[in-house]
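Asker: Pasting a structure below so you can have a look.
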Amino acid sequence: MLSRRNTSETKSWCQIESLNQEFLSSQFFEENVVSFCRKTSAGIQVSHPRISTHHCSLVYTGHKVSLEDHSTNGTFVNGEKIGKGSSRHLHDCDEVVMLQSTINSVARIGFIIHFTDVIKRSLDRKRCFS
């Protein structure tokens, strides 16, 4: 028996798998720029006081995915701090952390990025013609 895939799943370029469902839900994205913020009006809301008003953004350009850090407290990719105003190229299954666990906080807020078939085909095509 074949299972039908969710429409957003078949059109999206990535899925994020939340590290902490209390603050951020796992979801698929179709937009080329996805912002993570403390307030819903600016993008995907991450409800924690140590998350910046405009913390970071995922940017998909059709041939690469990058993370742009806009935060005061830092954003980490696979444990390495990006730094405000900097960006980092992302790969499938990279871990992005917006808030590390501290002594006063058990919250570890972030996600693992999973590229969907949409972007995997695009990246394979780019590699073939490079």
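The values are calculated or read from the model by the stated rules, or taken from the named source; none is laboratory data. Note that this is a predicted model, so its numbers are computed, not measured. Here Cβ is always computed from backbone atoms with ideal geometry, including for glycine, and neighbour counts include all displayed protein chains. To get the accessible areas, we keep the full protein, side chains included, count just its heavy atoms, and leave off ligands, DNA and RNA. Shrake-Rupley method; radii C 1.70, N 1.55, O 1.52, S 1.80 Å.
Asker: Test residue 20 against the stated conditions and say whether it is open to solvent by 50 Å² or more (accessible area, probe 1.4 Å) and either at pLDDT below 90 or within 20 Å of residue 115 (Cβ to Cβ) (or both).
Answerer: no
Asker: Also, quick follow-up: Report, by residue number, each residue of segment 56-107 that is assigned to a loop (DSSP other than H, G, I, E, B), crowded, with 17+ Cβ neighbours inside 10 Å and polar (S, T, N, Q).
Answerer: 71, 75
Asker: Consider segment 30-55. How many of its residues are over 11 Å from residue 98 (Cβ atoms) and open to solvent by less than 10 Å² (accessible area, probe 1.4 Å)?
Answerer: So the answer is 1.
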